[in-house]
1. Number of Lys pairs in the chain with C-alpha atoms less than 18 angstrom apart, excluding same-chain neighbours closer than eight positions?
2. May I ask for the distance between the Cα centers of region 141-198 and region 48-66, given as a whole number of Å?
3. Kirkwood hydrodynamic radius of the chain from all distinct Cα pairs, in Å?
4. Hey, fewest Cβ within 10 Å first, where do 271, 157, 252, 86 land in order?
5. Label points 7 Å out from Cα along the Cβ direction at residue 269 and residue 39: separation in nm?
6. Normalise the Cα radius of gyration of region 57-176 by 2.2 N^0.38 Å (N = residues in it) and let me know the number.
7. Given the -39500 (n - 2.57) contribution per DSSP H run of 4+ residues, what per-residue ellipticity at 222 nm results for the chain, rounded to the nearest 500 deg cm²/dmol?
8. Sort 94-103, 179-188, 109-118 by packing, meaning the average of other beta carbons within 10 Å per residue, with the highest value first.
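Just so you know, all these numbers are worked out from the coordinates, no wet-lab data involved. Model, not experiment: these values are computed from the prediction. Cβ coordinates were reconstructed from backbone atoms using ideal geometry, including for glycine residues, and neighbour counts include every protein chain displayed.
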Amino acid sequence: MLACEFFFFNLLFLRYYSCFRGTTIGFYTINESTIELLEHTDFPTIKRRALTTLQVNMGYLCNMSCVHCHVAASPYRTEMMSRELVELILQVLVTQNIETLDLTGGAPEMHEDFKYLVTAARALGVTVIDRCNLTILMEEGFEDMAQFLADNEVEVVASMPCYSLENVDKQRGKGAFDGSILGLHKLNALGYGKVGSNLTLNLVYNPQGATLPPNQKQLEADYKHELKEHFDIEFHQLFALTNMPIQRFGAVLLAKNQFHPYMDLLKANYVAANLTEVMCRSTISVNWLGELFDCDFNQQLEIPVPNKSRRHLSDLLTQNPAGDDIAIADHCYGCTAGQGSSCGGALEEEITEQAIEEISSI
Ligand code: SF4
Ligand code: SF4
């Protein structure tokens, strides 16, 4: 068995069992054991700046059920945000003067209020990001979704862990690669991803093992060359994300005795300058119940924001979280290792001399 086959075998094994939080795998318990290993941390204290982005998980319904999915989304999940919370999002966008609404799931497009929320947010002048799995664009009942996204100038961010059919299908399920290519063609035909187009199409890469992602710019060049040459596909940017030692990936690390070496790798590559741009400083994450978290990773680990008076979306109608402490743990080293990592990819390009000076005030 090749190393990568062993890795995917583990993922398949974990997928079967990890629908149930706290389930034991071998000697390990999913989630709880990684939290215990992460919570005692020497990661520096960081505080919030002005809120610019609201990241919303609309629910766990998805047309796919990928082995690596951190929320175990599938066509059978029923957890979905209520219409009342969707209305509350719109009020918070106004109250907090938020620039960007970042929609995720599950497949956020499958939420019955997705189009309502997008249309209303765009009418407010808010930039909307759709974290799209691409295959949803080809599903029955969603044939008009790509056109809707284009009409509303929604930014599309799509996971594309590799440009080879074999690797993508292993990670996301049989047919995922072909479905993704069809979805990308559909978006390209509408103008998404073209040079000079205002229809933004960005792709997301993450390593398939316990390594740091390669240089984002170089990898982006490789992706652009391969996808253009073999599939006539264009896109704007590639975001190279670092795998977090949590949830299924954390459990795989534990099962393979790689957890501590991987943490050592993240810590050995710590770059203090990345602290200025970690996404939690300007983004807040909301789950389908309206509960607030400092980031999507903390949402997965169920680590709430430290300020007990601001733990629900409704609290943002009357309170500003700027200046609040951020809930940190050892997984935060995943955001600061090497070139840095966030929902928008590597951080290092964002770091200016002024920002580096700012580190002393964190
Ligand atoms: S497409 Fe995304 S949300 Fe859906 S199962 Fe796959 S990883 Fe999870
Ligand atoms: S893991 Fe979350 S809280 Fe920690 S640095 Fe990264 S974005 Fe911030």
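1. Numbers: 47/308; 186/194; 186/224; 186/228; 194/217; 194/224; 194/228; 217/228.
Close lysine pairs under the 18 Å cut-off: 8.
2. 18
3. On the way: mean 1/r = 0.0480 Å⁻¹.
Its Kirkwood hydrodynamic radius stands at 20.8 Å.
4. Numbers: 271 14, 157 21, 252 26, 86 18.
In increasing order of surrounding Cβ atoms, one gets 271, 86, 157, 252.
5. The answer from the label model is 2.8 nm.
6. On the way: Rg = 14.7 Å, N = 120, 2.2 N^0.38 = 13.6 Å.
That works out to 1.08 for region 57-176.
7. It lands at -10000 deg cm²/dmol.
8. Values: 94-103: 18.4, 179-188: 21.4, 109-118: 19.9.
Ranking, from highest mean packing down: 179-188, 109-118, 94-103.
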